[in-house]
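Here's the structure we're looking at; comments come further down.
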Amino acid sequence: MAIENANGLPPSTPMASDQQPLLEGRTVSKYFGGLAAVNNVDFAVYPGEIVGLIGPNGSGKTTLFDCLSRLQKIDGGKITFKGRDVTRARPYQVARMGLSRTFQSVRVYRKMTVLRNMLISHQWRNTSLLHMLRPSPASTARRAHQLLDFLQIEHLAHEDAGHLSGGQRRLLEIGMALMPDPEILLLDEATSGVNPTLIETIKDRIRTLNQQGKTFLLIEHNINFIADLCSRVYVLNYGEKLAEGTPQEILQNEAVIDAYFGA
Amino acid sequence: MDQLSQALVSGLLLGGFYAIMVLGFSVIWGVMGVINLAHGEFLMIGAYLAWGLFRFFGIDPFASLALILPLMFLVGYLLQITLINRIVERPHLMTLLVTFGVSIALANLAKIVFTSDPRNVAVAYSGSFQFAGVTFPIVKTIIFAAALLIMGSLHLFLQRSRLGKSIRAAAQNKTAARIVGVDINRVYAITAGICIALTAAAGAMLSPTQAIFPFMGPPFTLKAVTITALGGLGRIPGALMGGLVLGVTEIFVATYVAGIGTNLGVATSFILLVLILVVRPQGLMGGLRPVDAEAD
Amino acid sequence: MTTAPPADKNGNETGKKARFPSLAPVHSLLAGWAGLALWLLLLLLLALYPYTGVSSLALLVGSQIFVLVTLASNWNLIGGMTGYVDFGHAVFFGVGAYIMAILVTGAPLLISPQWGFWQALPASGAAAALFALLIGLPTLRLKGPYFSIAMLGTLVAMREIVRVSRPITGGGIGLNLPPVLNRIGDYYLMLAIMGLVVSLIWWIQRSEFGQSLIAIREDEVGAEMRGINTTLHKIAAFMIAAFFTGIVGGFWAWQNTFIDPDGVFVETRTVEMVMMSMLGGLGTVWGPPLGAVAIYLLQNLLWSNLFELHLLALGVLLVLIVLFMPEGILGTLGDRSSTSLGRLLARFGRNR
Ligand SMILES: Nc1ncnc2c1ncn2[C@@H]1O[C@H](COP(=O)(O)OP(=O)(O)OP(=O)(O)O)[C@@H](O)[C@H]1O
Ligand SMILES: [Mg+2]
């Protein structure tokens, strides 16, 4: 299952022209009233990459995620996923195609146990009516337990999700995003409110999953996290793409430094 | 053409009444975030009060406002301190259930006190006059004028008076209002008093134009929601505009859609409401508050 | 449940489970096969009950309670499990009742050969389900109070529409159905319908479909983003709830032999459904039936002691339940859709 990778690191320059982007946005725009939350952003994530998305508060990162995952109707542009135009798809449709995401304000089902949260987040692509009329099958439960184990929250399986701490909820949400065995994961500030040891765990898990072939798109304010994991970074500012490049290039970019630290 | 101008006038007159009818509902929602499902019942109470004063003391419904307004202000004030205060800023579900319960209780209380026989207030001036080839029913014209008058004074009160400014401040930002020394509970109680009084006044004015019965309330509550969705929360110009739009729409539907009587006004406003909510969940004027307080 | 309680860093939760630790296993046991077994046993006892030589009044009371239990369970499917608090659910009751009346009386203009009860009963349900589909497509897109109000509007509007559609519905005068007195038949029919509905809810609650409904209640955006076709699931739950409510409405019209707009499209019937579900426990399988029995007993108590005050008392009771039992009642709804709800309720419980 695990894909071999020569040095254990993601390919640093995936720009080989023969390669199709896994997830691509072209001139994506989203307005809230007069505010351009996302403005004409071009965007591509290639299979096997870990891509970072950074920018000051309110720069439109979450909104861009919402557009890519189809939670928000976009006001301009086009989004393709696995070569298919999904500009008008509904969120559950792109989810069934293999896109998973987490939310900046964690969304778990608080009145359900951790295990049930996991079970109900399985891959719905081939779920027949007959399946739906039965309790979750043992295979789903096995996968859920494996993932909980992988994320080190197996001991909480029978707790109500509403009783978990903030960091535990983030891990659960990542687990739920992994349940359907997605091809790409969009993580929105997966490390915020999480203690440093747990952050190391998350980093480690992302690396492992990436080696197994999963593609990642990460929103982060934690620059070290981005620098450690990502092969490419996009920078948004006021809804527009300010820069794009390797973490090293980005960190030396004048405009980026201005946006973050300047007036 | 005649029919058109007649329908327009009738619609505007009805709309004037709707505007005054909705104010109390819209201000309570706007200021306290309480969706008052018992709104129509307070209107019903106002109508019964007017009927009682007319029937037993011979007081004209419009003159009776002088009694009904202060009385119902007191009722609203007390209701706020005892009950509504407990649900202010609470989840909408809770608000809805409590006011729903109040509405059931009031309607059935009225049924016990007044029986379900319809009551009428037969004023001497129930006729109409002609102007420019259009018929103006006298009572409805008075209602329209009174509605404009009341809204005008309320507008002035909210804009100019200290108390009115406190109310507007409380509507916009409770915390800030508190910090600058506004006594929120008193402001709320006064607001509720004004709103309930206004609603009862609308019912009293309505009494000469339609039968009064214990279960007359819910259609008005529904219309109030529709108008609020049309015109926005807690704003007098919005209430006026929403009221006029609904009034004209209802009369036009009744006039021009074959086989539908005025009775279907409720259905009209329901369809309008669902259309608005589905197309623009935040209301036409962007006035409806986001109800899913999904603050991060 | 064997693990140590996790640190509650946010302090958002009131930790109901921790307060009644001994009840948790009972709950989970009853939600499983044990609950169903007990339920089937109860049904069996109820089926034997008429053989103890009871009066026809007792049979009438029995069928009335079964009606309430069925209505509460149905409402709970959409209002409790899916979290769409339907203030107009009585509209499906009314639609079912009218379809039954129109079909069996062969009401003017419509059908010449009158239908029998057994053909008309499923038709009542089907009509209500169809109505739910039409009305649910727009209204189920609304959130929170807007859905509640829109459904209340549907109820009020339908009452007026039925009132003015005199040629078909008899208008405000109502319709008379052929009087057929069969208390024992009514008893067994309602017993069967109730048995079916509650067992179905039990089944749904265990199934992935039921879990997806709860997920929608807890976080609709999250559910949609994780592959659940929320529109489809909501509509399906709504239609199922409406179908059986329509059946009950049809049965009620038949048993009552007379219906009019004010008798079937009535808010108090919705209030009953909401209160019964809440009192027993929203979103649970066995809560609404329990609540229904409790409310029936309470109402009869009120009815016999307060007579015409009893509807007034019902309204007051609703206010009191919501105000003074927020944990017992709303606590179960808790975090529905907005994360702040549970926090607000918790604060409410502490401060006042
Ligand atoms: N639903 C909405 N309605 C109106 N404006 C919105 C909405 N969502 C976001 N915005 C605005 O869009 C802009 C971008 O917000 P967004 O949440 O995408 O920023 P972000 O980059 O994720 O910020 P942060 O780092 O703080 O999470 C902000 O100015 C925000 O106020
Ligand atoms: Mg963000």
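The values are calculated or read from the model by the stated rules, or taken from the named source; none is laboratory data. Being a predicted model, the structure only gives us computed values, none of them experimental. Please note: Cβ atoms are built from the backbone with ideal geometry, for glycine as well, and neighbour counts cover all protein chains shown.
Quick notes
- Flag: A:Thr191 does not match the condition of being away from chain C (no Cβ under 13 Å) and more than 16 Å from ligand 1 (Cβ to nearest atom).
- The single condition among (1) buried (at least 20 other Cβ atoms within 10 Å of the Cβ); (2) touching a Leu at 6+ places or on another chain (Cβ under 9 Å) that C:Thr154 does not satisfy is (2).
- Of all residues in region A:36-72, those being more than 14 Å from chain C (Cβ to nearest Cβ) and either more than 13 Å from ligand 2 (Cβ to nearest atom) or charged (D, E, K, R) (or both) number 16.
- Failed criterion for A:Arg101 (all others in (1) within 21 Å of A:Ile219 (Cα to Cα); (2) more than 7 Å from every other protein chain (Cβ to nearest Cβ); (3) crowded, with 21+ Cβ neighbours inside 10 Å hold): (2)
- Among (1) touching a residue at least 12 places away in the same chain (Cβ under 8 Å); (2) surrounded by fewer than 21 Cβ atoms within 10 Å (Cβ to Cβ), the one test that C:Asn229 misses: (1)
- Enumeration of residues in region C:175-195 that are surrounded by fewer than 17 Cβ atoms within 10 Å (Cβ to Cβ), in a helix (DSSP H, G or I) and in contact (Cβ under 8 Å) with a residue 12 or more places away in the chain: C:Ile184
- Qualifying positions in region C:207-229 - at the interface with chain A (Cβ under 7 Å from one of its Cβ atoms) and assigned to a helix (DSSP H, G or I): C:Glu208, C:Phe209, C:Gln211, C:Ser212, C:Ile214, C:Ala215, C:Glu218, C:Val221, C:Gly222, C:Glu224, C:Met225
- Where a residue in region A:46-72 is without any contact (Cβ under 8 Å) to a residue 24 or more places away in the chain and its partner, wherever it lies, is away from ligand 1 (no atom under 13 Å from the Cβ) and among the aliphatic types (A, V, I, L, M), with Cβ under 9 Å and at least six apart: A:Leu71/C:Met225
- Every test in (1) within 14 Å of chain B (Cβ to nearest Cβ); (2) in a loop (DSSP other than H, G, I, E, B) is passed by C:Thr284 save one, and that test is (1).
- Of the set (1) part of a loop (DSSP other than H, G, I, E, B); (2) of a type in the set (A, V, I, L, M, F, W, C); (3) within 16 Å of C:Gly250 (Cα to Cα), all apply to C:Leu142 but (3).
- Any strands (runs of 3 or more DSSP E) falling wholly within region A:34-111 and containing at least 3 residues that are more than 11 Å from ligand 1 (Cβ to nearest atom), more than 23 Å from A:Gly239 (Cβ to Cβ) and hydroxyl-bearing (Ser, Thr, Tyr): none
- Condition check for A:Leu22: within 24 Å of C:Arg226 (Cβ to Cβ), within 16 Å of ligand 2 (Cβ to nearest atom) and in contact (Cβ under 8 Å) with a residue 12 or more places away in the chain: no
- Test for A:Gly52: is it crowded, with 22+ Cβ neighbours inside 10 Å, modelled with pLDDT of 90 or more and under 17 Å from A:Thr215 (Cα atoms): yes
- Out of B:Phe144, B:Phe131, one residue alone is under 30 Å from B:Asp2 (Cβ atoms) and surrounded by fewer than 20 Cβ atoms within 10 Å (Cβ to Cβ). It is B:Phe131.
Each row is one residue, and each column tells you yes or no for (1) at pLDDT 90 or above; (2) buried (at least 24 other Cβ atoms within 10 Å of the Cβ).
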| site | (1), (2) |
| --- | --- |
| C:Pro5 | no, no |
| C:Ala34 | no, no |
| C:Gly62 | yes, no |
| C:Phe92 | yes, yes |
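- Any chance A:Arg26 is over 15 Å from the mean Cα position of the chain (by Cα), more than 16 Å from ligand 1 (Cβ to nearest atom) and crowded, with 17+ Cβ neighbours inside 10 Å: no
- For region C:255-275, a residue qualifies if it is in a helix (DSSP H, G or I) and hydroxyl-bearing (Ser, Thr, Tyr), and the qualifying residues are C:Thr268, C:Thr270.
- If you go through region A:113-133 and keep only what is in contact with a helix residue (DSSP H, G or I) (Cβ under 7 Å, 6 or more places away or on another chain), within 16 Å of C:Ile204 (Cβ to Cβ) and in a loop (DSSP other than H, G, I, E, B), you end up with A:Ile120, A:Leu133.
- Taken over region A:81-96, the residue count meeting the criterion of being surrounded by fewer than 17 Cβ atoms within 10 Å (Cβ to Cβ) and within 10 Å of another protein chain (Cβ to nearest Cβ) is 1.
- Listed by first and then second residue, the pairs linking a residue in region B:6-35 that is over 16 Å from B:Leu154 (Cα atoms) to a residue that is assigned to a loop (DSSP other than H, G, I, E, B) and of a type in the set (Lys, Arg), with Cβ atoms under 9 Å apart and 6 or more places separating them unless they lie on different chains, are B:Trp29/B:Arg289; B:Gly33/B:Arg90; B:Gly33/B:Arg289; B:Val34/B:Arg90.
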